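Student: Handing you this structure, nothing more for now.
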């Protein structure tokens, strides 16, 4: 992982359905890693991304004040930051990604580190927030898509193949 944000290493997400039961799902693709996630887990991941962005920015500002105004040495500063971070509440729901707020020790910049399996990336707080919005959109779209597929399936003029083609065209128009 490098010391600078790498937005091109971020995973992609899109709405889909679970092939096992036809329920709403999101497909996450990141290099060789693929995963299917339910919308509540995707929404929890979006929450974690946004929270990590805010924590990273807050930690960076706090470190700056503690170093500059209070003249704290790195050892004391490290102890304080570990204690502060340990008191933060743990996310209540599982997440698709491991998400960590980072205050760059050498750069003084905030980052959000993400990982899943062998894949790792580093985002700026703004890029993490943009990613959170994309994940929210995919989760909502997945839930709407399942309902729309159901309604279209009740209409006797469309076959399941017609509905699949319609959704393929809609997904193509998104890009």
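FYI, it's all coordinate maths here, none of it is from the lab. Given the structure is predicted, the values throughout are model-derived calculations rather than measurements. With ideal geometry, Cβ positions are generated from the backbone for all residues, glycine too; neighbour counts draw on all protein chains shown.
Student: Give the angle, between 0 and 90 degrees and rounded to the nearest 10, that separates the Cα long axis of helix 125-154 from the longest principal axis of the Cα atoms of the chain.
Tutor: Taking Cα atoms only, the helix is inclined about 20 degrees.
Student: Tell me the angle of helix 39-68 to the major Cα principal axis of the chain, expressed in degrees between 0 and 90 and rounded to the nearest ten.
Tutor: 20 degrees
Student: Okay, moving on. Report, please, the projected area of region 1-146 averaged over directions, based on the convex hull of its C-alpha atoms, in nm².
Tutor: 9.2 nm²
Student: Can you give the helix-only mean residue ellipticity at 222 nm for the chain, where every DSSP H stretch with n ≥ 4 adds -39500 (n - 2.57) and the sum goes over all residues, rounded to the nearest 500 deg cm²/dmol?
Tutor: -17500 deg cm²/dmol
Student: If the viscosity is 0.890 mPa s and the temperature 25 °C, what translational diffusion coefficient in µm²/s does Stokes-Einstein give for region 127-171 when Rh comes from Kirkwood over Cα pairs?
Tutor: The Stokes-Einstein estimate is 208 µm²/s.
Student: Here's another thing I want to ask about it. Just rank 157, 100, fewest to most, by other beta-carbon atoms within 10 angstrom.
Tutor: Starting with the residue having the fewest Cβ neighbours, the order is 157, 100.
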